[in-house]
Amino acid sequence: QLQLVESGGGLVQAGGSLRLSCVASGRTFSSYGMGWFRQAPGEEREFVAAINWSGDTTYYADSVKGRFTVARDNAKNTAYLQMNSLKSEDTAVYYCAYRSTSDLTSWSGGYGSWGQGTQVTVSS
């Protein structure tokens with residue numbers, strides 16, 4: 001099982017940028033697809049982005065397409081979420097999770113262990 005730790009969250013003004021990191025340990029990171037999700041207070045967890053094991057296929061929620069970029073560095077066992085042009089509605093706790101199959105999905109139930117999350121707050 002892969003252990004995941006997110007970092008990089010914080011407080012940023014609308015229009016600003018943040019880069020989240022998700023460091024993995026415990027198993028071969030490059031064997032897994034990775035997903036990013038977020039959860040705002042009182043809301044359900046929602047899909048943000050996903051990337052396959054090699055990094056050559058990505059998938060985004062419509063709400064972040066063109067603003068967020070998902071990437072990975074298998075040599076560093078790390079996945080990234082670059083967030084630009086942030087909006088107040090992006091405020092949430094952001095989580096990474098792994099997927100042990102080759103396809104990508106926005107369904108949270110299709111992912112394995114989750115990190116503890118990192119808070120992103122966008123002030124307007």
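The values are calculated or read from the model by the stated rules, or taken from the named source; none is laboratory data. On a predicted model such as this, the values are computed, not experimentally measured, just so you know. Please note: Cβ atoms are built from the backbone with ideal geometry, for glycine as well, and neighbour counts cover all protein chains shown. Surface accessibility is based on the protein's heavy atoms, side chains included, excluding ligands, DNA and RNA. Shrake-Rupley method; radii C 1.70, N 1.55, O 1.52, S 1.80 Å.
So here's what we get for this one:
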| read-out | value |
| --- | --- |
| Reduced Cα scattering model of the stretch 1-59, Debye log10 I(q)/I(0), q = 0.28 Å⁻¹ | -1.27 |
| Protein accessible area in the chain, 1.4 Å probe - carbon and sulfur % | 45 |
| Label point distance in nm, ARG45-LYS87, each placed 7 Å from Cα along Cα→Cβ | 2.4 |
| Three-way shape label, the stretch 51-94, alpha-carbon gyration tensor, a/c 1.5 | prolate |
| Inter-part distance where the stretch 1-39 and the stretch 46-124 are each reduced to a Cα centre, Å | 7 |
| Estimated inter-spin distance, SER113 and LYS76, nm [label 7 Å along Cα→Cβ] | 2.1 |
| Average accessible surface area per residue within the chain, 1.4 Å rolling probe, Å² | 49 |
| Mean Cα-pair separation over length for the stretch 51-102, i.e. relative contact order, pairs under 8 Å, 6 or more apart, % | 28 |
| Relative pair counts by distance (%), Cα atoms of the chain, 5 Å bins | 2, 13, 24, 27, 19, 10, 4, 1, 0 |
| The chain - percent relative contact order, Cα under 8 Å, separation 6 or more | 37 |
| Pairwise label distance in nanometres, ARG67 with GLN13, each label 7 Å out on the Cα-Cβ vector | 1.7 |
